[in-house]
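Please read the structure below before turning to the comments.
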There are 6 protein chains.
Amino acid sequence: MLSRLFAPKVKVSAHCDLPCGVYDPAQARIEAESVKAIQEKMAANDDLHFQIRATVIKEQRAELAKHHLDVLWSDYFKPPHFESYPELHTLVNEAVKALSAAKASTDPATGQKALDYIAQIDKIFWETKKA
Amino acid sequence: MLSRLFAPKVKVSAHCDLPCGVYDPAQARIEAESVKAIQEKMAANDDLHFQIRATVIKEQRAELAKHHLDVLWSDYFKPPHFESYPELHTLVNEAVKALSAAKASTDPATGQKALDYIAQIDKIFWETKKA
Amino acid sequence: MLSRLFAPKVKVSAHCDLPCGVYDPAQARIEAESVKAIQEKMAANDDLHFQIRATVIKEQRAELAKHHLDVLWSDYFKPPHFESYPELHTLVNEAVKALSAAKASTDPATGQKALDYIAQIDKIFWETKKA
Amino acid sequence: MLSRLFAPKVKVSAHCDLPCGVYDPAQARIEAESVKAIQEKMAANDDLHFQIRATVIKEQRAELAKHHLDVLWSDYFKPPHFESYPELHTLVNEAVKALSAAKASTDPATGQKALDYIAQIDKIFWETKKA
Amino acid sequence: MLSRLFAPKVKVSAHCDLPCGVYDPAQARIEAESVKAIQEKMAANDDLHFQIRATVIKEQRAELAKHHLDVLWSDYFKPPHFESYPELHTLVNEAVKALSAAKASTDPATGQKALDYIAQIDKIFWETKKA
Amino acid sequence: MLSRLFAPKVKVSAHCDLPCGVYDPAQARIEAESVKAIQEKMAANDDLHFQIRATVIKEQRAELAKHHLDVLWSDYFKPPHFESYPELHTLVNEAVKALSAAKASTDPATGQKALDYIAQIDKIFWETKKA
């Protein structure tokens, strides 16, 4: 853990690949919250057309959350971050896989699992911003 | 101002039109921050290809910020909100027009102007969430 | 009503935010016509996969119609228009909300309601073009 | 020409592939008008950032016009139409190639050439609708 | 058939309309394979949410395959190709119509029919590349 | 290296997250080839509008290549693959970063560097498919 306190300064690039320097895991969190909220509403309304709409929109929101995490992994986090946080590759990979699982499920627990992974990534993100 | 404290409870719908109930003006703010950051970087780097890339990406980020504001205006805010905040239509309209202006400018002041409008919308948003 | 005849000349900007000067509410109308036509076909064919496809495509067409109306509201209509037509903000807001309602319904009456709003916007649009 | 008057009735499908039955070449025309209008504005404003923005937006509008023509060619026009109008394949192919040429040019004549092709397609379209 | 051996050299343009010169029917094939694979999985799993997700994703993959074929037809193939291969217009048109049919069906035979058309286009494509 | 020969059988999921089981690194390769081809053409044509168009299109193709690699990383490769190929996380991360670098450069060497990474991923991919 100590190594993270002395993590080398890292030139940050941005979510738009210019880079503009603006990143925020909140983008992934907001979309994943929408996935879980949709799963909760699906449990309370079994009308066919509502279930179809909810599934369509859950696919879109989960895909957006995956995209925001992909951008953090490919554009924000740099080799020094991966050295300071050896678990980071696997953590982000499990987070995007949890979102795929939430696409395929109506169980809000799957949405929550994705949110839990995103919270861990968020914690590392802000540690690296302060480093 | 008093009327806002007694604004009628409003059934909230979500940024995904299901509705899932999840809204957050942070989505517009993050993209508008990217617009302003790009404008600042354009002032510091006059390489042609950097200027082209920056202009392309600034168009995308500003368009995303406009979309997030459109969603708040069409899906989150309801008639009771517009009654409690008579300035709300004009405020959101000026905010999306400020983002159009920021698309057409390299001056970070235009990016900041859009952020200022978004901050006002954000304030109203959270007041209505607590109402 | 008289004020509209003497509405000040307004510099028009375009649906592409350059601006190129080309706007046409027909874009919103064509997509909303598709929404209503899909609702009518859904009443005549209860095959599950047809209902799923119809719901998916209705979401897309209604979202496109909302986008075209958002562009008119944010890019074409200017402050002088909103002064000449004080009902314009609310009219466009009700139109995009009617399209959200048509997303959530298989009843062609909801599609027609959105088309009726678009027709009112279309009338104002061409009045301002002639002003 | 006579054969077209007695063209067999053709089951029409729609621009959304459901099919919903709603097609209109106006969608391609509006976007191609925007391409030509942008080319005209590019001749009147040689500011670098305006030229970059105009080129970016012209690419988008021309691509949308190509898409609308592709949809008419693949989803609306049927074999009986191609028999009644043997020139139709080549006409649509030349129209989309004219839009590619307009992407690569700032000369409004290229935009007009695409509009001329679209007008020919529009004429055939409405003839088949009346057939 | 002989005429194809002496087909005139054709200036090739690219799938990105610059043109960059890079085309490959494999892009259409991979997406059409996905359509057929989804149809096969739909036959083996009648869970409602799986059927909804499968239908949603099949629409997307089939639409991408149609797009890749449209690009070959509008950007890669040139008038000399259409002269050397008089059946080419109709072949590509039937291929995109077969993909529309596969959108509307859960029968893998419809996915295979689209793949068969794409294989014929692929054969002509590589012949023209060697010409 | 021996461990890869005895890599455990892995349930493969697809590029469309259903999963449909269809993956192919060729999708990333074709787009990265387009990036390099555009860089080569940019060296041969210094017309401003060509340079703008080329930069715009290079951004799109590179972003598509990044997306295809993200999908392989998040949806195709599973934990057992990452155990058999400990370098895989870093390899894919370097590949998407190489594509970001190619976005920001007109030097075809940067396009080639991305293609070299994709070739390594392609090799591992087909090994896992045979495992």
ask   = A:Cys20 is checked against (1) at pLDDT 95 or above; (2) open to solvent by less than 10 Å² (accessible area, probe 1.4 Å) and fails just one. What number does that condition carry?
value = (1)
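Can you tell me which residue within segment C:37-58, out of those that are open to solvent by 20 Å² or more (accessible area, probe 1.4 Å) and closer than 25 Å to D:Asp24 by Cα, is nearest to the chain's Cα centre (by Cα)?
Applying the filter and picking the extreme gives C:Glu40.
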query = From the residues in segment B:24-34 that are of a type outside the set (D, E, K, R) and under 12 Å from the mean Cα position of the chain (by Cα), which one is nearest to B:Ile57 (Cα to Cα)?
reply = B:Ala32
task = Among the residues of segment D:99-117, write down those that are in contact (Cβ under 8 Å) with a residue 60 or more places away in the chain and away from chain E (no Cβ under 14 Å).
result = D:Thr106, D:Asp107, D:Pro108, D:Gly111, D:Gln112, D:Leu115
ask   = Is there a residue being of a type in the set (Ser, Thr, Tyr) and open to solvent by 20 Å² or more (accessible area, probe 1.4 Å) anywhere in segment A:79-90?
value = yes
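This table checks each residue for (1) in contact with a Phe, Trp or Tyr (Cβ under 9 Å, 6 or more places away or on another chain); (2) farther than 26 Å from F:His49 by Cα.
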position: B:Arg61; (1), (2): no, no
position: B:Val71; (1), (2): yes, yes
position: B:Thr90; (1), (2): yes, yes
position: B:Ala95; (1), (2): yes, yes
position: B:Leu99; (1), (2): yes, no
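Can you find a residue that is among the aliphatic types (A, V, I, L, M), under 20 Å from D:Leu99 (Cα atoms) and more than 7 Å from chain D (Cβ to nearest Cβ) anywhere in segment E:90-98? Steps first, answer last, please.
Filtering segment E:90-98 for residues among the aliphatic types (A, V, I, L, M) gives E:91-92, E:95-96, E:98.
The next check asks that each one be under 20 Å from D:Leu99 (Cα atoms); those that pass are E:92.
Those left that are additionally more than 7 Å from chain D (Cβ to nearest Cβ): E:92.
Among the residues of segment E:90-98, at least one is among the aliphatic types (A, V, I, L, M), under 20 Å from D:Leu99 (Cα atoms) and more than 7 Å from chain D (Cβ to nearest Cβ), which makes the answer yes.
I'm trying to understand the selection: among the residues of segment F:69-78, which are crowded, with 18+ Cβ neighbours inside 10 Å and among the charged types (D, E, K, R)? Please lay out each step first, then the result.
Restricting attention to segment F:69-78, the residues satisfying the condition of being crowded, with 18+ Cβ neighbours inside 10 Å are F:69-77.
Once the filter is applied, which keeps residues that are crowded, with 18+ Cβ neighbours inside 10 Å and among the charged types (D, E, K, R), segment F:69-78 yields F:Asp70, F:Asp75.
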ask   = Within segment B:65-97, how many residues are over 24 Å from A:Glu31 (Cα atoms) and in contact with a Lys or Arg (Cβ under 8 Å, 6 or more places away or on another chain)?
value = 2
query = What is the residue count in segment A:101-130 for residues that are in a helix (DSSP H, G or I) and either of a type in the set (Asp, Glu) or open to solvent by 20 Å² or more (accessible area, probe 1.4 Å) (or both)?
reply = 17
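Scan segment B:44-85 for residues that are assigned to a loop (DSSP other than H, G, I, E, B) and not basic (Lys, Arg) and report the count.
So the first thing to find is which residues in segment B:44-85 are assigned to a loop (DSSP other than H, G, I, E, B), and the list is B:44-47, B:77-78, B:85.
Next cut, not basic (Lys, Arg) only: B:44-47, B:77, B:85.
Result for segment B:44-85: 6.
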remark   = For segment D:18-43 the number of residues that are at the interface with chain C (Cβ under 7 Å from one of its Cβ atoms), assigned to a helix (DSSP H, G or I) and aliphatic (A, V, I, L, M) is 4
query = Among the residues of segment C:34-60, which ones are in contact with a helix residue (DSSP H, G or I) (Cβ under 7 Å, 6 or more places away or on another chain) and of a type in the set (Asp, Glu)?
reply = C:Glu40, C:Glu59
ask   = Only one of these conditions is not met by C:Ile124: (1) within 12 Å of chain B (Cβ to nearest Cβ); (2) within 13 Å of C:Tyr23 (Cβ to Cβ). Which number is it?
value = (1)
ask   = Out of curiosity, is B:Glu63 within 11 Å of the chain's Cα centre (by Cα), closer than 30 Å to A:Val35 by Cα and crowded, with 20+ Cβ neighbours inside 10 Å?
value = no
request  = Hey, can you tell me all the residues within segment F:49-81 that are of a type in the set (A, V, I, L, M), more than 8 Å from every other protein chain (Cβ to nearest Cβ) and more than 24 Å from F:Cys20 (Cβ to Cβ)?
outcome  = F:Ala62
ask   = Residue check: is E:Glu31 open to solvent by less than 10 Å² (accessible area, probe 1.4 Å) and not polar (S, T, N, Q)?
value = yes
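The values are calculated or read from the model by the stated rules, or taken from the named source; none is laboratory data. The structure presented is a predicted model; accordingly, all values stated were derived computationally and were not measured. Cβ coordinates were reconstructed from backbone atoms using ideal geometry, including for glycine residues, and neighbour counts include every protein chain displayed. These area figures cover heavy atoms from the full protein model, side chains too; ligands, DNA and RNA do not enter into them. Shrake-Rupley method; radii C 1.70, N 1.55, O 1.52, S 1.80 Å.
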